[in-house]
Amino acid sequence: MYGKWITFEGIGGSGKSTQVQLLYDWLKVRNVPVIKTMEPGGTPFGQEIRKIVKAPRSPKLYPFTEFMLFEADRHETIKNVILPSLNEGKIVISDRGIDGTIAYQGFGRNINIELIDMMTNKATESLKPNLSILIDIDTKIAQKRIKKRTDAELDQFDLENIQFQDKVREGFIFTAKRDPERIKVIDGTLTQQEILEKIINLFEKFVL
């Protein structure tokens, strides 16, 4: 049996990481073979990249440098984590995935979308998630949530201004509109339990 790959997307403060853990726990209780990973950071090499791209720094990385680091991390995760796990018949849950690059580096940093698509296809060997869950939330609400984080929890993307966050959200909505069969949008203002129930319904419909 070949496994299935699910990604979670959304702007910072959307609650996606919480839902990654909740779905993972839900599957583990039911003895479903599942692993969770993240972008960036799915491998030891990726953890080093994560430190580089997430850490607040001055001057900032050039947008193209940032973009290529994400793609390098993605390729390592695909080859070392995702493909082997899928071949073992596991469910792979990823905290962020291919759509985040369109949103953050494409819409947020103005990297050409066609270039992103080309490099992502190379990095993933044209593999796409079976299901991508976009937890959509207004940027102002997300910013209020982010302000409750400690300094240690904040990364450079959290510290970007509201105009940047608006562009990123626009990018995620763009990805959902161009691939509606794969990307399903959930209202991030619902309760954690309501969001989880919707995710489970999507999982049972599109993955099982």
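A short reminder: the numbers here are calculations on the coordinates, not readings from a lab. Everything quoted here is computed from the prediction, not taken from an experiment. Every residue, glycine among them, receives a Cβ derived from its backbone with ideal geometry; neighbour counts consider all protein chains shown.
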For the chain, the fraction of alpha-carbon pairs in successive 5 Å shells from zero, as %
1, 7, 15, 21, 22, 17, 11, 4, 1, 0
Give me the distance between the Cα centres of the range 134-208 and the range 30-67, rounded to whole Å.
18
Cα centre as origin, Lys/Arg/Asp/Glu Cβ charges: the chain dipole, Debye
240
Dipole of the chain, positive direction: furthest Cα of Thr18, Ser58, Asn130, with charges on the beta-carbon:
Thr18
Using just the Cα positions, wrap the range 159-208 in a convex hull and report its mean projected area in square nanometres, one decimal place.
4.4
What is the calculated FRET efficiency for Val32 to Ile173, with r their C-beta to C-beta distance and R₀ = 41 Å, to the nearest 0.05?
0.85
If each K or R counts +1 and each D or E counts -1, the residues other than Val32 whose Cβ falls under 14 Å of its Cβ total +2
Sequence ranges 178-190, 125-137, ranked by mean other-Cβ count within 10 angstrom, highest first:
125-137, 178-190
